[in-house]
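See structure below.
Just so you know, all these numbers are worked out from the coordinates, no wet-lab data involved. On a predicted model such as this, the values are computed, not experimentally measured, just so you know. All Cβ positions, glycine included, derive from the backbone under ideal geometry; neighbour counts span all protein chains shown.
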Amino acid sequence: MSKSLGKIYEDHHQASRDRGFSIFAEERGNLLKKNIGKGKNVMDIGCRDGALAKYFFQENNVLGVDIDGSALNRAKESLGIETIIADLNGDWHELGERKFDVIVAGEVLEHLYFPEKVLEKVSSHLNNKGIFLGSVPNAFSLKNRIRYLFAKKENTPLGDPTHINHFSYKELKNLLQKYFSEVEIIGLGRFKFLSKLMPGWFAFSLFFKAK
């Protein structure tokens, strides 16, 4: 399963993702850098080629985890970070008992079969005061809902065949609150004011911080 899934993602990334590409990379990357700080042990799950890790790897100890071994090799070569090939849907035995100050999941939860089970693993690998940072596409923004109304999935999260789960603002918050006592969600997108004021309706991506 993991080998075939790894090949699926390797082909998908090569076909539809330029090297170093990431949605709203600078905005998300700077938010991650700000919230992580310095001197932290960080695990970046779904690291791919380090498109986001490049914003926070300096002055931090970063472990990149992904099922796409080719992309991980590029992250290791370009950033010099430690990497582990693993299927996040699995049991995470590759990590042993390791704990982290921060775990990052940038546009990852929507790719997982059972996000709730993955959050359980995330919480078990965080230190007592650890934080979980990341983002998901806002599948049910007003713009996407209008497209769905006309049975169009192009240019929506439904258009990506590797997206298994689709989150609304409320669903994401409820999921995170099952494992974390403090949850903050920020809306990101081209309509910056509206994205922050009403993220559920206007945000393109939902950036979260949970601890």
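Between Lys7 and Asn128, the modelled label-to-label distance comes to 4.7 nm, taking each label 7 Å out from Cα in the direction of the beta carbon.
Each 5 Å bin, from zero up to the one with the longest distance, holds this percent of the alpha carbon pairs of region 2-210: 1, 7, 15, 20, 22, 18, 11, 4, 1, 0. Proximity of backbone amide H atoms, modeled 1.01 Å from N, is registered between Glu82 and Val62, Gly64 at under 5 Å, excluding neighbours fewer than 5 places apart on the same chain. For the chain, the relative contact order is 16 percent, taking Cα pairs closer than 8 Å that sit 6 or more residues apart in sequence and dividing their mean separation by the residue count. Ignoring aspartates and glutamates fewer than eight residues from Lys129 along the same chain, the ones with Cα atoms less than 12 angstrom from its Cα are Asp101, Glu182. For region 47-63, 3J(HN,Hα) computed residue by residue from phi via the Karplus equation (6.51, -1.76, 1.60; θ = phi - 60°) reads 5, 6, 9, x, 4, 9, 4, 5, 7, 10, 6, 5, 6, 9, 9, 10, 10 Hz, glycine and proline entered as x. Going from the residue with the fewest nearby Cβ atoms within 10 Å to the one with the most, Val65, Val183 rank Val183, Val65. Backbone amide hydrogens, once placed in the peptide plane, bring Ser135 within less than 5 Å of Ala105, Gly106, Glu107, Val108, Phe208, excluding anything fewer than 5 places away on its chain.
Only Lys, Arg, Asp and Glu carry charge here, each on its Cβ (+1 for the first two, -1 for the last two); on that basis the chain has a dipole of about 800 debye about its Cα centre. I'd like the antiparallel share, as a percent to the nearest 5, of DSSP beta bridges with both residues in region 2-210. Among the beta bridges of region 2-210, antiparallel pairing accounts for roughly 40 percent. Couplings for region 89-99, taken from phi via the Karplus curve 6.51 cos²θ - 1.76 cosθ + 1.60 with θ = phi - 60°, read 6, x, 9, 6, 5, 4, 8, x, 9, 5, 10 Hz in order; Gly and Pro are left as x.
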